[in-house]
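The values are calculated or read from the model by the stated rules, or taken from the named source; none is laboratory data. Keep in mind that this is a model prediction, so the values were computed, not measured. Cβ placement follows ideal geometry from the backbone for every residue including glycine, while neighbour counts extend to all protein chains displayed. Areas reflect the complete protein model, heavy atoms only, side chains present, ligands, DNA and RNA absent. Shrake-Rupley method; radii C 1.70, N 1.55, O 1.52, S 1.80 Å.
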2 protein chains.
Amino acid sequence: MSRQRKATPPGIQHAPLELEHFLPYRLSILSNTISQGIADDYQRLYDLSMTEWRVMAVLARFEGLSAREVADRTAMDKVAVSRALARLVEAGRVSRHMADNDKRRSVLDLTEAGWAIHDVVAPMARAREQALLDKLDEDERRWLVRILDKLQER
Amino acid sequence: MSRQRKATPPGIQHAPLELEHFLPYRLSILSNTISQGIADDYQRLYDLSMTEWRVMAVLARFEGLSAREVADRTAMDKVAVSRALARLVEAGRVSRHMADNDKRRSVLDLTEAGWAIHDVVAPMARAREQALLDKLDEDERRWLVRILDKLQER
DNA sequence: TGCAAGTGGTTTCAAATGTAACTATAAAGG
DNA sequence: CCTTTATAGTTACATTTGAAACCACTTGCA
């Protein structure tokens, strides 16, 4: 057991943060708990890392992206994407060929095997999201979206 | 440039996730952006990692905690806490001595130097949080707290 | 007592990650 | 053209992180 700070040393106000009410901290805990929960699902099933899954998710939505574009859309850095792609291509989940107009650029797509995994994992992820949203009522869901939009404004 | 998926292969609905509207993903991006922003401040100033700062923050609020208790309160695992403490003690920012009733247990406190850092970093962190909250109006702030409470319910 | 099981904490080793340097190609400007 | 500068992507190296094994001490209980 521990005592909470009582008397502050004479004349000094330390004003410690209360982490449990500190917004950045709360977001961090919440976000990690959620993402890790989802990741556990597909890691167990397919030995797929979170970065790999994110790459697959954007390739499912946008075919023929380059590695750079994948990085932009996933907010991951290009090295992380390069490594994720190396594994995905190796595992036969993503196909990569060279763009004919620019030999530096790759053209990426999910393979059949990639789509098959996608079609299992995407619904699982959605179900997890739904389980979260089920904790909220209709009003709260609307406010949440609005608040996230505002917080993400630059 | 890339085209979005148009015709789905005959008879198959792939239903890709839209990451930019997917709650876990949005939270993850937002949270990382915010935490990293704050961390940049104190990393530059004091060569302090995020885990180290979190340990200091709980020790500021609760004196004499054990490493285990710090781990519980920060939602970090005990290895991470052990390492953070090793550095903090080494740097003279935290004092550690043995509990006299239990020789396994440590008793941790910020030193003068630790408090000095705390008293600079805590206001910076608070200012960052405030900058975030300033993007919201009074209603939105109230809803946000309420929503976070609900989402964190187990 | 004394021994099995549990707890606090550190160490070790492997995997993940970040940074910087590097290769290859493309674009832009003289 | 030819040189400089920029971009796509990978590689190498150092650092961080996580999982499991480990050590020391305590607790529960025969």
| query | Pairs A:LYS78/B:LYS150; B:LYS78/B:LYS150; A:LYS135/B:LYS135; A:LYS150/B:LYS150: which exceed 30 Å Cα-Cα? | reply | A:LYS78/B:LYS150
| field | Test item: A:142-151 mean partner chain Cβ contacts at 10 Å | value | 6
| note | homo-copy label distances at A:GLN152 (7 angstrom along Cα-Cβ), nm, one dp, ascending, are 2.2
| said: So the label point sits 7 Å from Cα along the Cα-to-Cβ vector; using that for A:ALA15, what distances do you get to the other copies, in nanometres, sorted shortest first? | reply: 5.0
| request: Within region A:48-149, list the chymotrypsin sites (Phe, Trp or Tyr not before Pro) lying in a DSSP loop whose Cβ has at most 12 other Cβ atoms in a 10 Å radius. | output: none
| So if R0 is 35 Å, what FRET efficiency would A:HIS97 and B:LYS135 give, r being the distance between their Cβ atoms, rounded to the nearest 0.05? | 0.20
| Residue-wise, which Karplus ³J(HN,Hα) couplings in Hz belong to region A:67-80, taking 6.51 cos²θ - 1.76 cosθ + 1.60, θ = phi - 60°, and x for glycine or proline? | 4, 4, 5, 4, 4, 4, 6, 9, 6, 9, 7, 5, 5, 4
| Taking 0.36 nm per residue of separation and subtracting the Cα-Cα distance, what length does fully extending B:GLU20 through B:ARG154 add? | 45.7 nm
| remark: Cα extents of the protein assembly as shown along the principal axes, largest first, in whole Å, come to 75, 42, 36
| request: Could you check how many percent of all C-alpha pairs in region A:55-98 are farther apart than 13 Å? | output: 48 percent
| remark: Amide H neighbours of A:LEU65 at under 5 Å, excluding residues fewer than 5 places away on the same chain, with H built from the backbone geometry, are A:LEU108
| Which value at 222 nm does chain B reach when only helices count, each DSSP H run of 4 or more adding -39,500 (n - 2.57), with the total divided by all residues and rounded to the nearest 500 deg cm²/dmol? | -20000 deg cm²/dmol
| request: Quick one: what are the phi-derived ³J(HN,Hα) couplings along region B:95-112, Karplus 6.51/-1.76/1.60 with θ = phi - 60°, whole Hz, x for glycine and proline? | output: 9, 10, 9, 7, 5, 6, 8, 8, 6, 7, 7, 9, 10, 10, 8, 5, 8, 3
| Given 37 °C and 0.692 mPa s, how large is the Stokes-Einstein diffusion coefficient of chain A in µm²/s, with Rh as the Kirkwood radius over Cα pairs? | 175 µm²/s
| field | Peptide A:52-61, shielding by other chains (average Cβ, 10 Å cutoff) | value | 4
| query | Roughly speaking, what is the stretch gain from A:ARG142 to A:VAL120, that is 0.36 nm per residue apart minus the C-alpha to C-alpha distance, in nm to one decimal? | reply | 5.1 nm
| Accessible-area composition of the protein assembly as shown, carbon plus sulfur, in percent [1.4 Å probe] | 51 percent
| Taking the label point 7 Å from Cα in the Cβ direction, how far apart in nm is B:ALA80 from each other copy of itself, listed shortest first? | 1.5
